[in-house]
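I have placed the structure first, in the form of structure tokens, so that the comments after it can refer back to it.
The values are calculated or read from the model by the stated rules, or taken from the named source; none is laboratory data. Because the structure is predicted, anything quoted here is derived from the model rather than measured. Here Cβ is always computed from backbone atoms with ideal geometry, including for glycine, and neighbour counts include all displayed protein chains.
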Amino acid sequence: MAINLLPEKGKKELRVEGIGRKVSLVFLFLFIFFLVLIFILLALKIYILSQVKYSQDTLESKEKSLRSSQFQDFKQTIKETNQNLSKIKSFYGREIFLTPLLEKLSNLIPQTIYFTNLSLEKIFQETELLTEIHISGYARTRQDLFSFKKYLEDEKEFEYVYFSPSSWVIPTDIEFSLSFKFTPNFEK
């Protein structure tokens, strides 16, 4: 520590001068801080404005491309394709699949019975699509025909099994006529 031999007034002036330097140094630092802060905020504003301008330009460019005739043609093509797919789905939704029906019938027919005619008809019943089957055929005996009728009635997929009354008149060499409704059970 240095010894200060100045009079009290000189010491006071030195203290005031030191405080003034410190205050001016603080103000200088504050001025530089605010100057840098203003520069950073100005740079940030310029950056944000450039990004907004870029986004607006990109948006306008996209809007122009969406309004172009080529894009409108593409949009129309997609719409037509979706309509066609909807029609195809609707068509296949009403399709009758013969494989489950023929498989079931072939497992139920006794060897003494032959079909001479088989026809199908679609029937919409409430929300369900049923298939009405009409069969004409030949049976060797009434007992064979009765067994076949029982097999059909025991199956859940075959409903409203109906044999024409003339099918039961002759005891042998019977030409029969049969109709029933078929609802395939795909849950196996």
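Brief remarks on what is shown
- Segment 109-138, residues that are at pLDDT 85 or above, surrounded by 16 or more Cβ atoms within 10 Å (Cβ to Cβ) and among the hydrophobic types (A, V, I, L, M, F, W, C): Ile109, Ile113, Ile133, Ile135
- Residue satisfying condition, being farther than 30 Å from Thr141 by Cα, outside the structural domain of Thr172 (by TED's automatic domain parsing) and surrounded by fewer than 10 Cβ atoms within 10 Å (Cβ to Cβ), within set Gln70, Gln56, Gln76: Gln70
- Filter result (within 17 Å of Ile109 (Cβ to Cβ) and within 43 Å of the chain's Cα centre (by Cα)) within segment 136-179: Tyr151, Leu152, Glu153, Asp154, Glu155, Glu157, Phe158, Val161, Ser179
- For segment 153-170, a residue qualifies if it is assigned to a strand (DSSP E or B), in contact with a helix residue (DSSP H, G or I) (Cβ under 7 Å, 6 or more places away or on another chain) and among the aromatic types (Phe, Trp, Tyr), and the qualifying residues are Phe158, Phe163.
- Qualifying residue in segment 84-94 (condition: at pLDDT 90 or above, among the basic types (Lys, Arg), in a helix (DSSP H, G or I) and not assigned by TED's automatic domain parsing to the domain that holds Lys156): no
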